[in-house]
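The values are calculated or read from the model by the stated rules, or taken from the named source; none is laboratory data. Worth saying up front: this structure is predicted, and the values here are computed from it rather than measured. As a convention, Cβ positions derive from the backbone with ideal geometry for all residues, glycine included, and neighbour counts pool all protein chains shown. These area figures cover heavy atoms from the full protein model, side chains too; ligands, DNA and RNA do not enter into them. Shrake-Rupley method; radii C 1.70, N 1.55, O 1.52, S 1.80 Å.
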Amino acid sequence: MLVVGGGSAGATLVARLRRARPGLELALLEPSADHYYQPLWTLVGGGVVRKEKSRREQRAVIPRGVVWLQDAAAAFLPEEDTVVTVSGERVGYDALVVCPGIQLDWERVAGLPEALGRDGVCSIYSYAQADLVWEQIRAFRGGTAVFTFPATPIKCPGAAQKIMYLADDAFRRAGVRERARIVFVSAASRIFAVDRYARTLERVVARKGIETLFRHELLAVRPGAREALVRNLDSGAEQTIPYELLHAVPPQSAPDVAKESPLAGPGGWVEVDRATLQHVRYPNVFSLGDASSLPTSKTAAAIRAQAPVAAANLLAFLDGRPLRAAYDGYTACPLVTGYGRLVLAEFDYDCTPRESFPFDQSKERWSMYQLKRHGLPLLYWRGMLRGRA
């Protein structure tokens, strides 16, 4: 079996497969020497933790007995049961799992790649930039702070507003909030898709005095003039917003190697059955995580629910048995609403809440913030990546 991608999805899956069937010939194709727990980058941007806490060596999260091919996929040839790597190697397989993550398309916003990290422009969506977000927030002395959410699927959609709420708290602590205007430029039509949690977040936005521009996207950045050009997605009308601080979330897409392959479906995502995670045209191909077509939020919590289903169905496929395991779209978004405050949103494909605790999770809670800060990283490193959770 070949697993392409050693991020949250790939690393979690190989750990589960290794535990379930130690004798399986299993290889992981992953070019990076480092592995990141990216949900922590929100708190890095808020000045709570150091970014180094989110990084481990890739070799440390690959189970013993799994062959690590430190290379990247250049082409998928499912008719030949082969993956071609960037270095030119042809790797054959009996079963393939495609989980190379998501691609950050910074260049789709004119001027953004050049501006990132200077002139007030920052983003928690990059390990290299995450700590610079806190530097920008800490240096802010007034003016307009713009936070954006793009018109594409993205990983951890809630992060775009979490960092905004932390910035608001930081501005208040520094005594500069009265001189600040905070604007949320979002391509979405509302603050959150699930009514139960949207009602709470709407109250948070009102309490914090945040302006919202829904159905708008960031089109261009003019760092010299400190201006953001935004466009109304319905009317096409454009407007310029001067800023002192701009937190930009880049448009995102399936990796080019996936979207240009026979595995791609609508939008370029690897096209799989939403319950079994099996490819709709190639039975020996499966996908999970951010590169898949699964119509749910792209979060680590979603991967934690997908991995057991993928592992069970992969082994069933290899054994010639029916695929019995089914994924119901469960995902979770720990929505930080300030220092010491968090709403733990959990829901499925139908946006029906699927809460884990015996209390109302739509309320802002200190305990859930501590879960995000301390509990979930431990669950990730010691549970998910060891195939135990």
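Observations
- Two-decimal ratio, the stretch 256-309, of alpha-carbon radius of gyration to 2.2 N^0.38 Å: 1.05
- Contour minus Cα-Cα distance for ALA75 and ARG382 (0.36 nm per residue): 107.2 nm
- Cβ-Cβ FRET estimate between ALA389 and THR240, R0 fixed at 41 Å, reported to 0.05: 0.30
- Whether the stretch 110-242 is rounded, prolate or oblate, judged on the alpha carbon gyration tensor where a/c under 1.5 counts as rounded: rounded
- Long pairs among LYS162/LYS372; LYS162/LYS298; LYS155/LYS363, criterion Cα-Cα beyond 18 Å: LYS155/LYS363
- For the stretch 224-315, size of Cβ-based charge dipole, Lys and Arg +1, Asp and Glu -1, in debye: 300
- Working from label points 7 Å from Cα in the Cα-to-Cβ sense, the ALA316 to ASN284 distance is 2.0 nm.
- Peptide packing for 14-21, 71-78, 153-160 was compared via the average number of neighbouring C-beta atoms within 10 Å per residue; ordered from the highest value, the list is 153-160, 14-21, 71-78.
- Antiparallel bridge percentage (DSSP; both residues within the chain; nearest 5): 55
- Solvent-accessible area per residue, Å², over the stretch 298-389 with all protein chains present [probe radius 1.4 Å]: 42
- Here the Karplus relation 6.51 cos²θ - 1.76 cosθ + 1.60, evaluated at θ = phi - 60°, turns the backbone of the stretch 355-363 into coupling constants of 7, 9, 10, x, 8, 6, 7, 7, 8 Hz, with x for every Gly and Pro.
- Compared with the direct C-alpha span, the chain from ALA325 to SER32 gains 102.4 nm at full extension, assuming 0.36 nm per residue.
- Whole-percent carbon and sulfur share, accessible surface of the chain, 1.4 Å: 48
- Net charge dipole, the stretch 148-230: roughly 220 debye, given to the nearest 20, about the Cα centre with Cβ charges of +1 for Lys and Arg and -1 for Asp and Glu.
- Computed from label points 7 Å out along Cα-Cβ, the spacing between ARG222 and CYS351 is 3.6 nm.
- Based on the Kirkwood approach, the hydrodynamic radius assigned to the stretch 81-165 is 16.0 Å, with every pair of different Cα atoms included.
- Extension gain, ALA275 to ASP256: 0.36 nm times the residue separation minus the Cα-Cα distance gives 4.4 nm.
- Cβ-derived FRET efficiency at R0 41 Å, SER87 paired with GLU211, nearest 0.05: 0.25
- The stretch 1-80: proportion of alpha-carbon pairs further apart than 22 angstrom, %: 34
- Positive-pole candidate from PRO295, LEU371, GLY387, dipole of the chain, charges at beta carbon: LEU371
- Expressed to the nearest 5 percent, the antiparallel share of DSSP beta bridges inside the stretch 1-100 is 55 percent.
- Inter-centroid distance (Cα atoms) of the stretch 18-46 relative to the stretch 128-174, Å: 26
- Note on ARG50 and ALA110: the model spin-label points, each 7 Å out from Cα along the C-beta direction, lie 4.2 nm apart.
- Computed over the chain, the quotient of the alpha carbon radius of gyration and 2.2 N^0.38 Å is 0.99.
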